[in-house]
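Undergrad: Quick one: this structure, given as structure tokens, is what I'll be asking you about.
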């Protein structure tokens, strides 16, 4: 489990998206405490298992499904990735609960300035529509963000200067793919509503009708 608060930005050394031995090698500055084999690390929003670490390099095992469902299979040497170690007991939960299980890919439609902030407009597949909650949380490439506006198959997020500068979101341009994970709490609530996972999008009105809020 993660928080969506990025701890480091690393760079891809190599990607092997082969069906038999999927692996990703990433270079990053050292951590405050050493990584251990088998440890889970969020790599741009995808939870990967550390196979080995030596110096500034980390090697992760990755399933073929990971390359198909996320944008990691499209990464090339030199590309930047967001890194976050798994949440530990006693750690502050400053973002929101992120599982590292990417729901699907979004596509950046626009990026623009809004005062000191940046606004990203991201399009997504209709299958993900019901997983979004207006003003709710979403993880984009592993970064915890709040949905500012939500419409049919598109949402927008505002990114504050610190997050923009300390993550790979500043690398995004129109047409780029983004790993998306919808809010886990919204998923569970949706399961409890009439229609379950195939039901309509969760809204404040639907929550009131179901008795979750007054």
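The values are calculated or read from the model by the stated rules, or taken from the named source; none is laboratory data. What you are looking at is a predicted structure, and each value in this text was computed from that prediction instead of being measured. Because the Cβ atoms are built from the backbone with ideal geometry, glycine has one as well, and the counts that use them run over all protein chains shown.
Undergrad: Looking for whichever is surrounded by fewer than 16 Cβ atoms within 10 Å (Cβ to Cβ), modelled with pLDDT under 95 and either on the phi < 0 side of the Ramachandran plot or assigned to a helix (DSSP H, G or I) (or both) here; the options are 173, 197. Which one fits?
TA: 197
Here is a yes/no grid of residues against (1) farther than 24 Å from residue 173 by Cα; (2) under 16 Å from the mean Cα position of the chain (by Cα):
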site: 28; (1), (2): no, no
site: 35; (1), (2): yes, no
site: 48; (1), (2): yes, yes
site: 51; (1), (2): yes, no
site: 66; (1), (2): no, yes
site: 72; (1), (2): no, yes
site: 77; (1), (2): no, no
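Undergrad: If residue 87 satisfies all but one of (1) touching a strand residue (DSSP E or B) at 6+ places or on another chain (Cβ under 7 Å); (2) surrounded by fewer than 15 Cβ atoms within 10 Å (Cβ to Cβ); (3) farther than 24 Å from residue 124 by Cβ, what's the number of the condition it fails?
TA: So the condition that residue 87 fails would be (2).
Undergrad: Restricting attention to region 46-70, and to residues there that are at pLDDT 95 or above and surrounded by 21 or more Cβ atoms within 10 Å (Cβ to Cβ), which single residue is farthest from residue 7 (Cα to Cα)?
TA: Top of the filtered list is 70.
Undergrad: Is it true that some residue in region 95-115 is out of contact with any strand residue (DSSP E or B) (no Cβ under 8 Å at 6 or more places or on another chain) and in the same structural domain as residue 189 (by TED's automatic domain parsing)?
TA: yes
Undergrad: Additional query: Please note which strands (runs of 3 or more DSSP E) are completely contained in region 18-57 and include at least 1 residues that are under 12 Å from residue 83 (Cβ atoms) and free of Cβ contacts under 8 Å to residues at least 40 places away in the same chain.
TA: Strands (runs of 3 or more DSSP E) meeting the threshold: 23-27, 46-54.
Undergrad: Count, please, the residues in region 126-166 that happen to be assigned to a helix (DSSP H, G or I) and either surrounded by 13 or more Cβ atoms within 10 Å (Cβ to Cβ) or touching a helix residue (DSSP H, G or I) at 6+ places or on another chain (Cβ under 9 Å) (or both).
TA: Total satisfying the criteria: 7.
Undergrad: Here is a list: 38, 18. Which entry is touching a helix residue (DSSP H, G or I) at 6+ places or on another chain (Cβ under 9 Å) and surrounded by fewer than 14 Cβ atoms within 10 Å (Cβ to Cβ)?
TA: On inspection, the qualifying residue turns out to be 18.
Undergrad: Next question. Select from region 102-125 the residues that are out of contact with any helix residue (DSSP H, G or I) (no Cβ under 9 Å at 6 or more places or on another chain) and either over 22 Å from residue 182 (Cβ atoms) or outside any strand (DSSP E or B) (or both) and list them in ascending order.
TA: The answer is 112, 113, 114, 115, 125.
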